[in-house]
Amino acid sequence: MEVRLQAACQAASRQRSEVTLVVVTKTWPVSDAATLCDLGVLDLGESRDQEAAVKAAAVPRARWHFIGQLQTNKAASVARYAEVVHTVDRPHLVAALSAGAVRAERHLGALVQVSLDGDPARGGVPTDGVSALAQQVASADGLDLLGVMAVAPLSVAPAEAFERLADIAARVRAEHPAARWISAGMSADLEAAIDVGATHVRVGSAILGSRTPVLG
Ligand SMILES: *Cc1c(COP(=O)(O)O)cnc(C)c1O
(Lines give C-alpha, C1' and ligand atoms only; values in the text may rest on other atoms or scores of the structure.)
Protein backbone atom coordinates (compact mmCIF):
# COMPACT_ATOMS: atom_id res chain seq x y z
CA MET A 1 0.00 0.00 0.00
CA GLU A 2 2.81 2.41 0.80
CA VAL A 3 4.29 1.90 -2.68
CA ARG A 4 0.89 2.48 -4.24
CA LEU A 5 0.30 5.66 -2.23
CA GLN A 6 3.72 7.01 -3.12
CA ALA A 7 3.15 6.30 -6.81
CA ALA A 8 -0.26 7.99 -6.70
CA CYS A 9 1.19 11.07 -4.98
CA GLN A 10 4.06 11.24 -7.45
CA ALA A 11 1.68 10.96 -10.42
CA ALA A 12 -0.33 13.84 -8.96
CA SER A 13 2.80 15.91 -8.18
CA ARG A 14 1.91 15.87 -4.52
CA GLN A 15 3.90 15.10 -1.39
CA ARG A 16 3.18 11.78 0.28
CA SER A 17 2.83 13.71 3.56
CA GLU A 18 -0.26 15.47 2.19
CA VAL A 19 -2.24 12.22 2.21
CA THR A 20 -3.23 10.36 5.39
CA LEU A 21 -4.03 6.67 5.15
CA VAL A 22 -7.03 5.62 7.24
CA VAL A 23 -7.08 1.84 7.44
CA VAL A 24 -10.64 0.53 7.57
CA THR A 25 -10.73 -2.31 10.10
CA LYS A 26 -14.48 -3.06 9.92
CA THR A 27 -15.20 -6.80 10.17
CA TRP A 28 -11.58 -7.46 11.25
CA PRO A 29 -10.74 -8.39 14.82
CA VAL A 30 -9.50 -6.07 17.55
CA SER A 31 -6.12 -7.79 17.34
CA ASP A 32 -5.67 -6.43 13.80
CA ALA A 33 -6.35 -2.92 15.03
CA ALA A 34 -3.78 -3.38 17.80
CA THR A 35 -1.22 -4.74 15.32
CA LEU A 36 -1.72 -1.76 13.03
CA CYS A 37 -1.04 0.57 15.96
CA ASP A 38 2.11 -1.41 16.81
CA LEU A 39 3.21 -0.74 13.21
CA GLY A 40 2.56 2.97 13.67
CA VAL A 41 -0.72 3.08 11.75
CA LEU A 42 -2.91 5.00 14.18
CA ASP A 43 -5.70 6.25 11.92
CA LEU A 44 -8.31 3.51 11.83
CA GLY A 45 -11.81 3.57 10.35
CA GLU A 46 -15.02 1.80 11.35
CA SER A 47 -18.52 1.98 9.95
CA ARG A 48 -20.79 0.50 12.66
CA ASP A 49 -21.09 1.96 16.15
CA GLN A 50 -21.44 -1.34 17.98
CA GLU A 51 -18.27 -2.76 16.47
CA ALA A 52 -16.38 0.52 16.66
CA ALA A 53 -17.19 1.10 20.34
CA VAL A 54 -15.74 -2.28 21.30
CA LYS A 55 -12.57 -1.74 19.27
CA ALA A 56 -12.09 1.83 20.48
CA ALA A 57 -12.34 0.68 24.09
CA ALA A 58 -9.79 -2.08 23.44
CA VAL A 59 -7.40 0.05 21.37
CA PRO A 60 -7.66 3.58 22.74
CA ARG A 61 -4.31 4.69 21.31
CA ALA A 62 -5.75 4.64 17.77
CA ARG A 63 -7.46 7.67 16.26
CA TRP A 64 -10.87 6.28 15.39
CA HIS A 65 -12.58 7.59 12.28
CA PHE A 66 -16.29 6.89 11.99
CA ILE A 67 -17.02 6.38 8.27
CA GLY A 68 -20.42 4.64 8.15
CA GLN A 69 -23.94 5.92 7.88
CA LEU A 70 -24.84 7.06 11.34
CA GLN A 71 -28.25 6.88 12.97
CA THR A 72 -29.04 9.83 15.20
CA ASN A 73 -29.62 7.57 18.21
CA LYS A 74 -26.02 6.28 17.92
CA ALA A 75 -24.48 9.74 17.78
CA ALA A 76 -23.90 10.07 21.53
CA SER A 77 -22.03 6.77 21.58
CA VAL A 78 -19.84 7.71 18.61
CA ALA A 79 -19.12 11.08 20.21
CA ARG A 80 -17.46 9.28 23.13
CA TYR A 81 -14.71 7.56 21.14
CA ALA A 82 -14.42 8.98 17.62
CA GLU A 83 -11.75 11.48 16.68
CA VAL A 84 -13.51 12.36 13.44
CA VAL A 85 -16.94 11.56 12.01
CA HIS A 86 -16.71 11.50 8.20
CA THR A 87 -20.42 11.05 7.52
CA VAL A 88 -22.27 14.11 8.78
CA ASP A 89 -25.09 14.53 6.29
CA ARG A 90 -28.15 16.08 7.98
CA PRO A 91 -29.10 18.72 10.54
CA HIS A 92 -30.49 16.26 13.11
CA LEU A 93 -27.19 14.41 13.12
CA VAL A 94 -25.23 17.62 13.65
CA ALA A 95 -27.39 18.42 16.66
CA ALA A 96 -27.05 14.91 18.10
CA LEU A 97 -23.27 14.77 17.64
CA SER A 98 -22.90 18.23 19.11
CA ALA A 99 -24.94 17.30 22.18
CA GLY A 100 -22.97 14.05 22.55
CA ALA A 101 -19.62 15.81 22.27
CA VAL A 102 -20.60 18.45 24.82
CA ARG A 103 -21.83 15.79 27.22
CA ALA A 104 -18.62 13.77 26.78
CA GLU A 105 -16.59 16.98 27.19
CA ARG A 106 -14.82 16.28 23.91
CA HIS A 107 -14.25 17.95 20.58
CA LEU A 108 -15.15 15.92 17.52
CA GLY A 109 -13.83 16.52 14.04
CA ALA A 110 -16.64 16.48 11.49
CA LEU A 111 -16.73 16.12 7.72
CA VAL A 112 -19.78 16.90 5.63
CA GLN A 113 -20.56 13.83 3.55
CA VAL A 114 -21.58 14.83 0.04
CA SER A 115 -23.86 12.78 -2.17
CA LEU A 116 -22.28 13.21 -5.60
CA ASP A 117 -25.22 11.72 -7.51
CA GLY A 118 -28.12 12.76 -5.28
CA ASP A 119 -28.93 9.11 -4.53
CA PRO A 120 -29.89 8.95 -0.84
CA ALA A 121 -29.05 5.23 -0.55
CA ARG A 122 -25.44 5.65 0.56
CA GLY A 123 -25.95 8.77 2.60
CA GLY A 124 -24.62 12.24 2.00
CA VAL A 125 -26.18 15.64 1.57
CA PRO A 126 -27.04 16.73 -1.99
CA THR A 127 -24.53 19.24 -3.34
CA ASP A 128 -26.91 22.18 -3.01
CA GLY A 129 -27.21 21.55 0.72
CA VAL A 130 -23.51 21.37 1.53
CA SER A 131 -22.95 25.04 2.33
CA ALA A 132 -25.80 25.29 4.85
CA LEU A 133 -24.84 22.05 6.57
CA ALA A 134 -21.18 23.08 6.75
CA GLN A 135 -22.25 26.34 8.36
CA GLN A 136 -24.31 24.44 10.90
CA VAL A 137 -21.38 22.17 11.79
CA ALA A 138 -19.04 25.14 12.05
CA SER A 139 -21.27 26.84 14.58
CA ALA A 140 -22.13 23.73 16.63
CA ASP A 141 -20.63 23.38 20.10
CA GLY A 142 -18.16 20.52 20.42
CA LEU A 143 -17.74 20.02 16.66
CA ASP A 144 -14.86 21.18 14.48
CA LEU A 145 -15.62 21.38 10.77
CA LEU A 146 -12.64 19.73 9.07
CA GLY A 147 -13.85 19.39 5.48
CA VAL A 148 -15.81 17.09 3.20
CA MET A 149 -16.11 13.40 2.42
CA ALA A 150 -17.65 11.33 -0.37
CA VAL A 151 -17.95 7.81 -1.67
CA ALA A 152 -17.74 7.64 -5.46
CA PRO A 153 -21.19 6.76 -6.83
CA LEU A 154 -21.51 3.77 -9.13
CA SER A 155 -23.13 5.88 -11.82
CA VAL A 156 -20.20 8.24 -12.39
CA ALA A 157 -16.53 7.52 -13.13
CA PRO A 158 -14.46 8.06 -9.96
CA ALA A 159 -12.26 10.70 -11.59
CA GLU A 160 -15.29 12.78 -12.53
CA ALA A 161 -17.00 12.24 -9.18
CA PHE A 162 -13.92 13.25 -7.19
CA GLU A 163 -13.42 16.31 -9.36
CA ARG A 164 -16.93 17.40 -8.38
CA LEU A 165 -16.01 16.80 -4.76
CA ALA A 166 -12.83 18.87 -5.12
CA ASP A 167 -14.91 21.79 -6.45
CA ILE A 168 -17.29 21.51 -3.52
CA ALA A 169 -14.36 21.27 -1.10
CA ALA A 170 -12.91 24.48 -2.50
CA ARG A 171 -16.21 26.28 -1.98
CA VAL A 172 -16.45 25.05 1.62
CA ARG A 173 -12.86 26.12 2.23
CA ALA A 174 -13.59 29.59 0.89
CA GLU A 175 -16.13 30.02 3.69
CA HIS A 176 -14.28 27.98 6.33
CA PRO A 177 -10.52 28.21 5.74
CA ALA A 178 -9.70 25.57 8.39
CA ALA A 179 -11.86 22.95 6.65
CA ARG A 180 -9.08 21.49 4.53
CA TRP A 181 -9.82 17.77 4.58
CA ILE A 182 -11.03 15.86 1.55
CA SER A 183 -11.83 12.29 2.57
CA ALA A 184 -12.12 10.34 -0.68
CA GLY A 185 -10.76 7.20 -2.24
CA MET A 186 -10.99 3.56 -1.22
CA SER A 187 -9.15 0.42 -2.33
CA ALA A 188 -10.50 0.59 -5.88
CA ASP A 189 -10.20 4.30 -6.61
CA LEU A 190 -7.64 5.94 -4.34
CA GLU A 191 -5.47 7.07 -7.28
CA ALA A 192 -8.34 9.08 -8.77
CA ALA A 193 -8.99 10.68 -5.39
CA ILE A 194 -5.36 11.57 -4.72
CA ASP A 195 -5.14 13.02 -8.23
CA VAL A 196 -7.70 15.71 -7.38
CA GLY A 197 -6.52 16.49 -3.87
CA ALA A 198 -7.77 13.89 -1.39
CA THR A 199 -6.13 14.43 1.99
CA HIS A 200 -7.48 11.20 3.54
CA VAL A 201 -8.00 7.88 1.80
CA ARG A 202 -10.02 5.14 3.49
CA VAL A 203 -8.61 1.76 2.61
CA GLY A 204 -9.79 -1.63 3.82
CA SER A 205 -9.64 -4.64 1.54
CA ALA A 206 -6.46 -3.66 -0.33
CA ILE A 207 -4.62 -3.86 3.00
CA LEU A 208 -6.47 -6.38 5.13
CA GLY A 209 -7.92 -8.64 2.43
CA SER A 210 -11.44 -9.34 1.27
CA ARG A 211 -14.06 -9.43 3.95
CA THR A 212 -16.08 -12.56 4.40
CA PRO A 213 -19.72 -11.75 3.78
CA VAL A 214 -21.82 -12.13 6.89
CA LEU A 215 -24.36 -14.89 6.22
CA GLY A 216 -27.79 -15.29 7.73
C1 LIG B 1 -15.68 -0.11 3.81
C2 LIG B 1 -15.46 1.31 3.47
C3 LIG B 1 -14.22 1.76 2.95
C4 LIG B 1 -13.09 0.82 2.61
O5 LIG B 1 -13.42 0.12 1.45
P6 LIG B 1 -12.39 -0.88 0.73
O7 LIG B 1 -12.97 -1.06 -0.62
O8 LIG B 1 -12.38 -2.12 1.55
O9 LIG B 1 -11.07 -0.21 0.70
C10 LIG B 1 -14.07 3.11 2.72
N11 LIG B 1 -15.07 4.00 2.97
C12 LIG B 1 -16.26 3.61 3.46
C13 LIG B 1 -17.31 4.63 3.68
C14 LIG B 1 -16.50 2.26 3.70
O15 LIG B 1 -17.69 1.89 4.17
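The values are calculated or read from the model by the stated rules, or taken from the named source; none is laboratory data. Just so you know, these numbers come straight off a predicted model, no measurement behind them. Every residue, glycine as well, gets a Cβ built from its backbone with ideal geometry; the counts of neighbours run over all protein chains shown. Each accessible area value is taken on the protein alone, full model and side chains, heavy atoms only, with ligands, DNA and RNA left out. Shrake-Rupley method; radii C 1.70, N 1.55, O 1.52, S 1.80 Å.
Annotations for the structure displayed:
- The range 66-96 and the range 140-216 have Cα centres lying 17 Å from one another.
- The range 69-168: GluC sites (Glu not before Pro) in DSSP coil with no more than 16 other Cβ atoms inside 10 Å: 105
- Surface exposure of the range 1-137, expressed per residue as accessible area with a 1.4 Å probe, stands at 46 Å².
- GNM top mover of 135, 113, 15 - the chain, alpha-carbon springs below 10 Å: 15
- The range 52-201 - percent of accessible surface contributed by carbon and sulfur, probe 1.4 Å: 53
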